[in-house]
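Student: Before I ask anything, here is the structure I am working with.
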Amino acid sequence: MRTAPVSSSGGDYPVIVGAGVAASLKERVHELFPGLSRLGIVSNPVVWSLHGTSILKSLGTDLRTVVALHPDGEPAKHMGSILVLLDRFLEDRWERRDPLLVVGGGVTGDMGGLVAGLLLRGVPLLHLPTTVVAQVDSAIGGKTGVDHPLGKNLIGMFNPPRAVLSDPGFLRTLPIVQRRAGVGEVIKYALIGDRALLSLLTERIEELVASDFHAALWEEVIFLSSSDKAGVVSRDEKESGERMLLNFGHTFGHALEGALGYSGILHGEAVALGMLSAARISGAMGLSDSATFGVIRDLVKRAGLPDSWPAGVAFEAIAPYLGRDKKASRGQVALILPERPGSVRIVRDYDPDLLSLGVFT
Ligand code: GLY
């Protein structure tokens, strides 16, 4: 088991990565919360039917658990679901010292984190992420939130957890298409600046997305990516500089998800396309060469991710969502553009006509 430490204004916390983390849940929660007698769990029915029994078993019988499930999927990520989850804990006469353990992927993590921040003005939060995207990205860094009809993640708060417990064993039961989509976020870390991860992916990306689960390889990839995320959010928790680089691939990715009504494409697939969009714009601005686009496309293709825009989604369909990006300032979105594999930069001044190059076949 290895730990990536995170510094946060709300208190430092560890990201603990390793096979067996979930099995040691009881020891970990009692270590973090001495005298603990009640634990809230936020999850969704799909994750809970797969892992609920083993999680409750590893927590043991001397702890009272209150489980609140929200409907699965991005369409459930709205304030209505948050109110239902809050009801469940308030009805149980929740107290401020009682922690919430959030078990699931990115949607559950964002919602559970928000519930923990709102409930009684804040109760302790623990993340037990069960997807690649949640383990390498969304469970680390304190972002929580829900969607609004005007855009994704527009309502939320920073609410750092007390610990992130990442067990790559959960990925065994993840549908292969989701495992593969998660690799979109992993490629992002490699391209932003993790040379060791870039070499590993260049050598072994097919093994990573194979239907056979390569446990040791996944553990290494989850640890390297988690360490990358932990480092960035420790240096720039509130996203005033470096953390914006993590948005690489997300400007066009989020816009595509928005244009498709947050269905029909997985987040990591949209991010993969978004990185290619950014590379095209960067190439047109003379900030990178065609070899950079080639390296990104090669990794994306080898991971089995889409490498051209879905038919029928024109630039006009995604354009309104680009301006709604949270990184937009006075309507112009800051672009995160690659310079070469392993280096990206923030670009605020550019010709808006170049944005249409981001949609390509
Ligand atoms: N997912 C990007 C961030 O946490 O900043």
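The values are calculated or read from the model by the stated rules, or taken from the named source; none is laboratory data. Note that the structure is a prediction, hence the values are computed from the model and not measured. No Cβ is skipped: glycine too gets one built from the backbone with ideal geometry, and neighbour counts run over all protein chains shown. These area figures cover heavy atoms from the full protein model, side chains too; ligands, DNA and RNA do not enter into them. Shrake-Rupley method; radii C 1.70, N 1.55, O 1.52, S 1.80 Å.
Student: When you scan segment 332-347, do you find a residue that is out of contact with any strand residue (DSSP E or B) (no Cβ under 6 Å at 6 or more places or on another chain), open to solvent by 50 Å² or more (accessible area, probe 1.4 Å), modelled with pLDDT under 95 and not in a strand (DSSP E or B), even just one?
Tutor: The answer is no, given that none of the residues of segment 332-347 is out of contact with any strand residue (DSSP E or B) (no Cβ under 6 Å at 6 or more places or on another chain), open to solvent by 50 Å² or more (accessible area, probe 1.4 Å), modelled with pLDDT under 95 and not in a strand (DSSP E or B).
Student: So THR130 fits all but one of (1) β-branched (Val, Ile, Thr); (2) within 13 Å of the ligand (Cβ to nearest atom); (3) open to solvent by less than 10 Å² (accessible area, probe 1.4 Å); what number is the exception?
Tutor: Against the list (1) β-branched (Val, Ile, Thr); (2) within 13 Å of the ligand (Cβ to nearest atom); (3) open to solvent by less than 10 Å² (accessible area, probe 1.4 Å), THR130 comes up short only on (2).
Student: Taking LEU287, is it away from the ligand (no atom under 16 Å from the Cβ), among the aliphatic types (A, V, I, L, M) and surrounded by fewer than 24 Cβ atoms within 10 Å (Cβ to Cβ)?
Tutor: yes
Student: Between residues in segment 17-46 that are closer than 27 Å to GLY73 by Cα and residues that are among the acidic types (Asp, Glu) and open to solvent by 50 Å² or more (accessible area, probe 1.4 Å), which pairs lie under 7 Å by C-beta distance while being six or more apart or on different chains?
Tutor: Pairs that qualify, where the first residue is closer than 27 Å to GLY73 by Cα and the partner is among the acidic types (Asp, Glu) and open to solvent by 50 Å² or more (accessible area, probe 1.4 Å), are ASN44/ASP72; PRO45/ASP72; VAL46/ASP72.
Student: Okay, next question. Scan segment 236-250 for residues that are part of a helix (DSSP H, G or I) and without any contact (Cβ under 8 Å) to a residue 24 or more places away in the chain and jot them down.
Tutor: Quick first cut of segment 236-250, residues part of a helix (DSSP H, G or I) only: 242-247, 250.
The one that is part of a helix (DSSP H, G or I) and without any contact (Cβ under 8 Å) to a residue 24 or more places away in the chain: GLU242.
Student: Name every residue in segment 348-361 that is over 17 Å from VAL271 (Cβ atoms) and either touching a helix residue (DSSP H, G or I) at 6+ places or on another chain (Cβ under 8 Å) or not in a loop (DSSP other than H, G, I, E, B) (or both), in order of residue number. Explain how you work it out, then say what you get.
Tutor: Filtering segment 348-361 for residues over 17 Å from VAL271 (Cβ atoms) gives 348-357, 361.
Once the filter is applied, which keeps residues that are over 17 Å from VAL271 (Cβ atoms) and either touching a helix residue (DSSP H, G or I) at 6+ places or on another chain (Cβ under 8 Å) or not in a loop (DSSP other than H, G, I, E, B) (or both), segment 348-361 yields TYR350, PRO352, ASP353, LEU354, LEU355, SER356, LEU357.
Student: From SER263, SER240, grab the single residue that is open to solvent by 40 Å² or more (accessible area, probe 1.4 Å), of a type in the set (Ser, Thr, Tyr) and within 16 Å of the ligand (Cβ to nearest atom). If you could, list the steps in order and put the result at the bottom.
Tutor: Working: SER263 fails: within 16 Å of the ligand (Cβ to nearest atom).
When all the criteria are applied, what remains is SER240.
Student: Here is a follow-up. I'd like the full set of residues that are at pLDDT below 95 and within 15 Å of the ligand (Cβ to nearest atom), limited to segment 137-150.
Tutor: If we filter segment 137-150 for residues that are at pLDDT below 95, which is where we start, we get 147-150.
ASP147 - this is the single residue of segment 137-150 that is at pLDDT below 95 and within 15 Å of the ligand (Cβ to nearest atom).
Student: Continuing with this model, one more query. Among the residues of segment 57-96, write down those that are over 25 Å from the mean Cα position of the chain (by Cα), open to solvent by 60 Å² or more (accessible area, probe 1.4 Å) and modelled with pLDDT of 95 or more.
Tutor: First pass over segment 57-96, keeping only residues over 25 Å from the mean Cα position of the chain (by Cα): 57-66, 87-96.
From what is left, the residues that are open to solvent by 60 Å² or more (accessible area, probe 1.4 Å) are 57, 61-62, 64, 87-88, 90-91, 93, 95-96.
LYS57, ARG64, ASP87, ARG88, LEU90, GLU91, ARG93, GLU95, ARG96 - these are the residues of segment 57-96 that are over 25 Å from the mean Cα position of the chain (by Cα), open to solvent by 60 Å² or more (accessible area, probe 1.4 Å) and modelled with pLDDT of 95 or more.
Conditions tested, residue by residue: (1) in contact with a Cys (Cβ under 8 Å, 6 or more places away or on another chain); (2) farther than 24 Å from VAL21 by Cβ; (3) more than 16 Å from the ligand (Cβ to nearest atom).
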| position | (1), (2), (3) |
| --- | --- |
| ALA116 | no, no, yes |
| LEU125 | no, no, no |
| ARG162 | no, no, yes |
| LEU174 | no, no, yes |
| GLY193 | no, yes, no |
| LEU197 | no, no, yes |
| ASP212 | no, no, yes |
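Okay, residues lined up against (1) over 18 Å from ARG345 (Cα atoms); (2) within 12 Å of the ligand (Cβ to nearest atom); (3) modelled with pLDDT of 95 or more; (4) not aromatic (Phe, Trp, Tyr):
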residue: GLU220; (1), (2), (3), (4): yes, no, yes, yes
residue: SER225; (1), (2), (3), (4): yes, yes, yes, yes
residue: PHE248; (1), (2), (3), (4): no, yes, yes, no
residue: ALA255; (1), (2), (3), (4): yes, no, no, yes
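Student: Here are GLY258, GLY253: which of them is farther than 18 Å from LEU357 by Cβ, assigned to a helix (DSSP H, G or I) and open to solvent by less than 10 Å² (accessible area, probe 1.4 Å)? Spell out the reasoning first.
Tutor: Working: GLY253 fails: farther than 18 Å from LEU357 by Cβ.
Going through GLY258, GLY253 in turn, the sole match is GLY258.
Student: Related question: Right, LEU224: more than 17 Å from LEU174 (Cβ to Cβ), among the hydrophobic types (A, V, I, L, M, F, W, C) and in contact with a Gly (Cβ under 8 Å, 6 or more places away or on another chain) or not?
Tutor: On the way: more than 17 Å from LEU174 (Cβ to Cβ): yes; among the hydrophobic types (A, V, I, L, M, F, W, C): yes; in contact with a Gly (Cβ under 8 Å, 6 or more places away or on another chain): no.
In short, no.
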